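The values are calculated or read from the model by the stated rules, or taken from the named source; none is laboratory data. No experiment lies behind these values; they were computed from the predicted model shown. Using ideal geometry, Cβ is built from the backbone for each residue, glycine included, and neighbour counts are taken over all protein chains shown. Please note that ligands, DNA and RNA were not included when accessible areas were found on the heavy atoms of the full protein model with its side chains. Shrake-Rupley method; radii C 1.70, N 1.55, O 1.52, S 1.80 Å.
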Amino acid sequence: MNHLPHIRFRHPHRHRDQWHRLPLNRGLSALTKSRALADRPCLVRTQAAAGGRLLGVAGKFSAGILLFRRTAGATEVLIGHMGGPFWARKDAGAWSIPKGEYEPEHESAEVAAAREFLEELGLPVPEGERVPLGEVRYGSGKTTKNLTVWAVEGDLDPSAVVPGTFEMEWPPKSGRLATFPEIDRAEWFDLTTAHDKLGAGQRPYLDRLAEHLA
């Protein structure tokens, strides 16, 4: 029987044998489409921001934390550039709010958001009020994502980030596994610059943060 090679994901704060396994053909789709899909978002503001889920809504659920700080000249947000060979030479649309998937039946969105922040950056969410920015639904069909985000005001040194990693066969069909960071760097950007770097599905959160701070 032929076996497809796998992509394996792991995080620095999980047991070393705890992996997420995806067949290569599904894993490539997850890396190139599902995680940073640039489809036009369908905006949704609901009580899901309090940790619930939308009844009757299909697709995958993810949650994240948008860390922001106020400087003398502007508001800045911390976002991460997605790791791996597919994103290495890309910039526009190749950055993401620290986030990840969760199962609403087993975990609340807010708990998942904090957990994913820790797993992606290797650092806990700074202390501070978690401001719900609501939900955005983007993508279509099986790649539909229901993303819920909280904003937290705080500071964090990007050089201290210790990202989670994943393994995949690279180069393709080589039979060799290579390890890549889920986020290869994190940086602070003003809202205008961050708007150009984030995928379209996540950009509404910048507008909502600006509204909250106005």
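Looking at E182, E211, which is the one that is closer than 25 Å to F61 by Cβ and open to solvent by 30 Å² or more (accessible area, probe 1.4 Å)? First the steps, then the outcome.
Details: E182 fails: open to solvent by 30 Å² or more (accessible area, probe 1.4 Å).
Only one candidate passes the filter, namely E211.
Could you list all residues from the stretch 101-115 that are open to solvent by less than 10 Å² (accessible area, probe 1.4 Å) and either among the aromatic types (F, W, Y) or closer than 16 Å to I79 by Cβ (or both)? First the steps, then the outcome.
Start the filter on the stretch 101-115 by keeping residues that are open to solvent by less than 10 Å² (accessible area, probe 1.4 Å), which leaves 109, 112-113.
Residue satisfying the conditions is A113 alone.
Give all pairs with beta carbons closer than 9 Å in which a residue from the stretch 183-205 that is at pLDDT below 95 meets a residue that is among the polar types (S, T, N, Q) and open to solvent by less than 20 Å² (accessible area, probe 1.4 Å); count only pairs at least 6 apart in sequence or on separate chains.
That search, which allows pairs on different chains as well, returns I183/S96; G199/S96.
Assess whether F68 counts as being over 13 Å from the mean Cα position of the chain (by Cα) and modelled with pLDDT of 90 or more. Before the answer, list the steps.
Numbers: over 13 Å from the mean Cα position of the chain (by Cα): yes; modelled with pLDDT of 90 or more: yes.
So F68 fits the description; yes.
Please list, ordered by first then second residue, the pairs with beta carbon atoms under 6 Å, 6 or more apart or interchain, first in the stretch 48-74 and within 14 Å of K145 (Cα to Cα), second at pLDDT below 80 and open to solvent by 10 Å² or more (accessible area, probe 1.4 Å).
Between residues of the stretch 48-74 that are within 14 Å of K145 (Cα to Cα) and residues that are at pLDDT below 80 and open to solvent by 10 Å² or more (accessible area, probe 1.4 Å), the close pairs are A48/L54.
Of everything in the stretch 53-65 that's among the hydrophobic types (A, V, I, L, M, F, W, C) and either in contact with a Pro (Cβ under 8 Å, 6 or more places away or on another chain) or part of a loop (DSSP other than H, G, I, E, B) (or both), which residue is modelled with the highest pLDDT? Before the answer, list the steps.
So in the stretch 53-65, the residues among the hydrophobic types (A, V, I, L, M, F, W, C) come out as 54-55, 57-58, 61, 63, 65.
Add one more test, that the residue is either in contact with a Pro (Cβ under 8 Å, 6 or more places away or on another chain) or part of a loop (DSSP other than H, G, I, E, B) (or both), and what stays is 54-55, 57-58, 61, 65.
Numbers: L54: 43, L55: 43, V57: 52, A58: 62, F61: 95, I65: 98.
The extreme case among them is I65.
Looking only at the stretch 78-100, count every residue that is assigned to a strand (DSSP E or B) and open to solvent by 20 Å² or more (accessible area, probe 1.4 Å) and tell me the total.
Kept after step one, since they are assigned to a strand (DSSP E or B), are these residues of the stretch 78-100: 78-82, 95-96, 99-100.
Filter once more, keeping what is open to solvent by 20 Å² or more (accessible area, probe 1.4 Å): none.
Matching residues across the stretch 78-100 total 0.
When you go through (1) modelled with pLDDT of 95 or more; (2) in a helix (DSSP H, G or I); (3) out of contact with any Leu (no Cβ under 9 Å at 6 or more places or on another chain) one by one for E127, which number turns out not to apply?
For E127, the exception is condition (2).
Are any residues in the stretch 134-165 among the aliphatic types (A, V, I, L, M), open to solvent by 10 Å² or more (accessible area, probe 1.4 Å) and in contact with a helix residue (DSSP H, G or I) (Cβ under 6 Å, 6 or more places away or on another chain), and if so, which ones? Working first, answer last.
Taking the stretch 134-165 first, the residues among the aliphatic types (A, V, I, L, M) are 136, 147, 149, 151-152, 156, 160-162.
Okay, now just the ones that are also open to solvent by 10 Å² or more (accessible area, probe 1.4 Å), so 156, 160-162.
Within the stretch 134-165, V161 is the sole residue that qualifies.
Looking only at the stretch 141-181, filter to residues that are of a type in the set (D, E) and assigned to a loop (DSSP other than H, G, I, E, B); which one of those is farthest from A109 (Cα to Cα)?
Per the stated criteria, the residue is D157.
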